[in-house]
Amino acid sequence: MNVNELKHKGLKKWVDEAVALMTPDSVEVCDGSQTEYNHMIMVNIAAGLATPLNAGKLPGCVLFRSDPSDVARVEDRTFIASEKESDAGPTNHWTAPADLKQTMSSLYKGCMKGRTMYVIPFSMGPVGSDIAKIGVEITDSAYVVANMHIMTRVGTKVLDVLGQDGFFVPCYHSVGKPLAEGQKDSGVWPCASMDKKYISHFPETREIWSYGSGYGGNALLGKKCLALRIASVLARDEGWLAEHMLILKLTNPKGEVKYVTGAFPSACGKTNLAMLIPTLPGWKVETVGDDIAWMKFGKDGRLYAINPEAGFFGVAPGTNYDSNKNAMEACKKNSIFTNCGLTEDGDIWWEMIGQGAAGQEVIDWKGNLRPSPLKDKSLKGQEIAHPNARFTAPARQCPCIADEWDDPAGVPISAFLFGGRRPKTIPLVNQAKSWVHGVFMGSIVGSEVTAAVISDQVGQVRRDPFAMLPFCGYHMGDYFQHWLNIGKKSDPEKLPKIFFVNWFRKNAEGKFIWPGYGENSRVLAWIFDRCNGVTDNAVDTPIGFLPTISAIARPDGVSEADMKEILNVDIEGWKAEIADVRKNHYPKFGDKLPKELYTELDAIEERLNKA
Ligand code: SAT
Ligand code: MN
């Protein structure tokens, strides 16, 4: 489609301005068709950036290798440019919007020379849903266009809903590597050096400007930039919730259905939980979303959630038929792999894929020939696949996708789950006594730093409230207040119940007590029953409602003593937890930390002291 065919005056003007600034060789407005997707893949293959995979094994799939400097989100280069620094808060990087725009405008000047500018109209959420929002991304990356096709709803149908004056979030993106006359990418992933990368958000004007990176959340601007950072601001202003949460559909043996959402910091098995295969007979678990939930109040006063995305951008290493069969099935066709290994027979390979690689040699994510990995013996830093290697797969290909995943009305939510990787103190599951208590639980979410990250903090708890620390577009203290406000204006009977789960308790020998994965369905069943009004399955304790010792059927290998341990109220451990929150965590948010949360902290401490 031609730019002159754009009917929305604001959109047309914005694109014209971008063209004048970035001076691409040509401009294309994306229609979202299969033909267009195929063309984007062909463009990447021709540029030497994509390798087609074995069509017999992985039909419609390609592999990309990024530049070694462009392999993950760059939090140090991510900015929240609100007018006032105090609105961004101490946990975001702030720059004055006018200064940032000036710096970035000079980078954008001529940045698309030698390239095509793609204009991508996209909908976060089912097209036309009351809960959905529209964005338009301008990019010079055909890799981004192909990924956006999978991760969002793209094209003409979105422009139809936008009409002549609809609201959209304008998103600029450039890889920051203009081409000289006759120059081609020739197999070199285009991006700019780290000091020139900017992932910028302007919350007041609802704009996103990204420059210099072509990877994941830095470049697919619908995901963390729009669906979390900008949407969290829209949600605060409009009275809804934009959260870093998976969405699950649970069906009990009687055929009753409930939907729950859950927030977990990274490396806590969120994707595995989103696609869990239950071990509990008669129960069914299906996926509505694996990463983000947008929730608005329906006319009946309940919160309804949509998954704003249309695909999965999942971490590849560690994914296998045991840990996540559904994810493996979802990315078997029509998928994009980035920074995985390539086997001699044109298959992908990554650490812990669960099988050896065919042939004598594989090509690693940096493009080097390496001996075929029959076992997972790569050394740290010498992996065949990069630890943040990804698959981009259409959600509709997931065998456990719920029918309602695409429902514009969303699904009514019965429970919010918070979780973290906590070897001690935090029980297997714990239900908040009230909304405020639940917000308290969300505000102290923390996870043990694992060896997966090179850090001197290994073994310590790193707090990531609501798993939103890198994704909230405003001050986290104001964000906690927004959650409290939601509780105040709603009927407590209709609000989701709040739970904290912890699959990661360890015994004295350092072994996990709870088997996790599909066995987590036992905990989901308890949560389901609690939401169904069952009361004789819990005990009231100083920290919340815990399951009675027999309420959760024990899986193989978990003794009654184990169960007692993971459902125990560790009074001393909790006193230390409270002290840590009071001394090290809450003060980070300064004056904006709502007083109610301190009151809640005092109340829990008092109950612990009396216990
Ligand atoms: O790169 S993404 O932001 O899309 C994924 C992630 O880092 O969580
Ligand atoms: Mn995420």
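Nothing in this text is a laboratory measurement; each read-out follows from the coordinates by a stated rule. Keep in mind the model is a prediction, meaning the values are calculated, not measured. Cβ coordinates were reconstructed from backbone atoms using ideal geometry, including for glycine residues, and neighbour counts include every protein chain displayed.
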Centroid-to-centroid separation of region 522-566 and region 336-400 [C-alpha atoms, Å]: 39
Centroid-to-centroid separation of region 482-499 and region 71-86 [C-alpha atoms, Å]: 30
Additional length obtainable on full extension of the chain from Ile277 to Arg462, 0.36 nm per residue less Cα span: 63.7 nm
Of the trypsin sites (Lys or Arg not before Pro) in region 233-272, those whose Cβ has at most 11 other Cβ within 10 Å and which sit in DSSP loop: Lys254
Segment Asp403-Lys494, length gained on full extension (0.36 nm per residue, minus Cα span): 30.4 nm
Reachable lysines, given that their alpha-carbon falls under 17 Å from the alpha-carbon of Lys433 and they are not under 8 places away in the same chain: Lys488, Lys494, Lys497
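Select from region 459-551 those GluC sites (Glu not before Pro) which occupy a DSSP coil region and have at most 12 other Cβ atoms within 10 Å, ordered by residue number. Write down the numbers at each step before the final one.
Details: sites: Glu493, Glu509, Glu519; in loops: Glu493, Glu509.
Listed in order of number, the matching sites are Glu493, Glu509.
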Using alpha-carbon coordinates, inclination of helix 97-108 to the longest axis of the chain, degrees: 40
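Using per-residue counts of other Cβ atoms within 10 Å, averaged over each peptide, order 223-235, 187-199 from highest down.
On the way: 223-235: 25.5, 187-199: 18.1.
Descending mean neighbour count gives 223-235, 187-199.
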DSSP-assigned coil residues among trypsin sites (Lys or Arg not before Pro) in region 21-85, each with at most 12 further Cβ atoms within 10 Å: Lys84
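If packing is taken as the average count of other Cβ atoms within 10 Å, what order do 566-573, 108-115, 289-296 fall into, highest mean first? Numbers along the way, then the final one.
Working: 566-573: 16.2, 108-115: 19.5, 289-296: 25.2.
By packing density, highest mean first, the sequence is 289-296, 108-115, 566-573.
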Where labels lie 7 Å past Cα in the beta-carbon direction, separation of Ala180 and Asp160 in nm: 4.7
For region 295-423, average projected area of the Cα convex hull in nm²: 10.3
Total lysine pairs whose alpha carbons fall under 26 Å of each other in region 544-611 (8 or more apart, or interchain): 11
Modelled FRET efficiency - R0 35 Å, Lys610 with Thr450, Cβ distances, 0.05 increments: 0.50
Fraction of antiparallel bridges per DSSP, the chain only, in percent to nearest 5: 70
